1. Based on Cα positions only, what radius of gyration and what Dmax would you give for the range 195-332, in angstroms?
2. Write down the percent of antiparallel bridges among all DSSP beta bridges whose residues are both part of the chain, to the nearest 5.
3. Pick out which of 210, 112, 197 has the largest mean-square fluctuation in a Gaussian network model of the chain, springs linking Cα atoms closer than 10 Å.
4. Determine the sum of side-chain charges near residue 276: Lys and Arg each +1, Asp and Glu each -1, restricted to other residues whose C-beta is under 11 angstrom from that of residue 276.
5. How big is the range 170-257 along each principal axis, measuring the range of its Cα positions in Å and listing the largest first?
6. Net charge near residue 287: determine it from the other residues with C-beta under 13 Å of the C-beta of residue 287, scoring Lys and Arg +1 and Asp and Glu -1.
7. Whenever you get a sec, compute what percent of the accessible area on the range 1-109 sits on carbon and sulfur atoms (1.4 Å probe).
8. Between residue 327 and residue 60, what is the label-to-label distance in nm when each label sits 7 Å out along the Cα-to-Cβ direction?
Amino acid sequence: MGVSDRDVSALAGLDFDEIAALVDELGEPPYRARQLFSWIQEKSARDSDALTNLPKALRDRLADVLPLRAATAGTRHDSKDGTFKLLARFHDGETAECVYIPEGDRRTVCISTQVGCGVGCIFCASGEQGVVRNLDAGEIVDQVHLVRTASGGERPGNVVVMGMGEPLHNVNPLVKALRLLQDPRGLDLSPRRITVSTSGPRAGFRELLSSGVKVNLAVSLHAAEDRLRQELVPRGDTGTVQELQGMAAAWFRATRRDVTFEYVLLAGINDRDEDALALARLAGRHLNVNLIPMNPVPYAPQLRAPSRERIQSFVDLLERAGVVVHVRRQRGDDVAAACGQLRLSRAGPAC
């Protein structure tokens, strides 16, 4: 594959073998590949001037081939709880949002896989205007490096693919990005520190499973009955609730990792006792539940989270049935950085 034939927006989207091939094409010794890959993926270098152990002539030639990074930082919004939301601006002017979430000693980065989203969950702002385009692997992984730079260089402890877009509608770039994040010559993130959240598209799940990549899987369920789930998650070819349960079981068999059902709680819609009992029948051993009280979105003012008392009753019913259940703590909602609040934005000034 020639330099000009690579379907990536930046060097950040090349894996180690591709970097090695590029270095060879440029007539450089093989050890330059490890140096270059380390600068991009381990040290999060943002421009060619930072590559101090590479000859300037090589840095200039690399700049002629592809930009170093796939994204630049746009507007940053800081929450009172320490969370911040960052706009990632790509080469064509499109943008997506990513989020930094500190909690104790843990640092989590939430990243996007598409500009917009085509699934159309009624409680999520990301799908309000549909999907514009997929992100390539460099654009996905570069959000982690952008947030790392914006947080003062802290290495992320956890990465969650829970931002804008349906990851399994963009599965091949997703898998490549996951492998870049896990590469021991780069950030070397443990598979146990990465979670992919999906509504469960059939074809995309089969591809993810066959790729052999190992991460935590979270399935966006939101209803334990097919008719209601179709209303809440109207598009995406995600199959029936029973099929989603089968996907979770297949993922556990392949990876030996417990799967999480994500369930956005909507007052008067999916928070009844019978909803909890139906959810309990789907969950169980190796299949946990993460309850997410709905975060407000401006275009759907009729939707709201249940009361604390109603949430606790829902939790109690699940726990009495033996289900491992967690309630997600609300983070960054004051700057629209919480779950379901990310949406299409125009690029703002660099932060």
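1. 14.7, 43
2. Expressed as a percentage, antiparallel bridges in the chain total about 45.
3. Comparing 210, 112, 197 in a Gaussian network model of the chain, the most mobile one is 210.
4. Spelling it out: positives minus negatives among the neighbours equals -2.
5. Here the Cα extents, ordered largest to smallest, are 47, 24, 20 Å.
6. Here the count lands on +2.
7. Exposed carbon and sulfur together represent 47 percent of the surface.
8. 6.3
The values are calculated or read from the model by the stated rules, or taken from the named source; none is laboratory data. Bear in mind the structure is a predicted one, so any value in this text is a computation, not a measurement. Here Cβ is always computed from backbone atoms with ideal geometry, including for glycine, and neighbour counts include all displayed protein chains. Please note that ligands, DNA and RNA were not included when accessible areas were found on the heavy atoms of the full protein model with its side chains. Shrake-Rupley method; radii C 1.70, N 1.55, O 1.52, S 1.80 Å.
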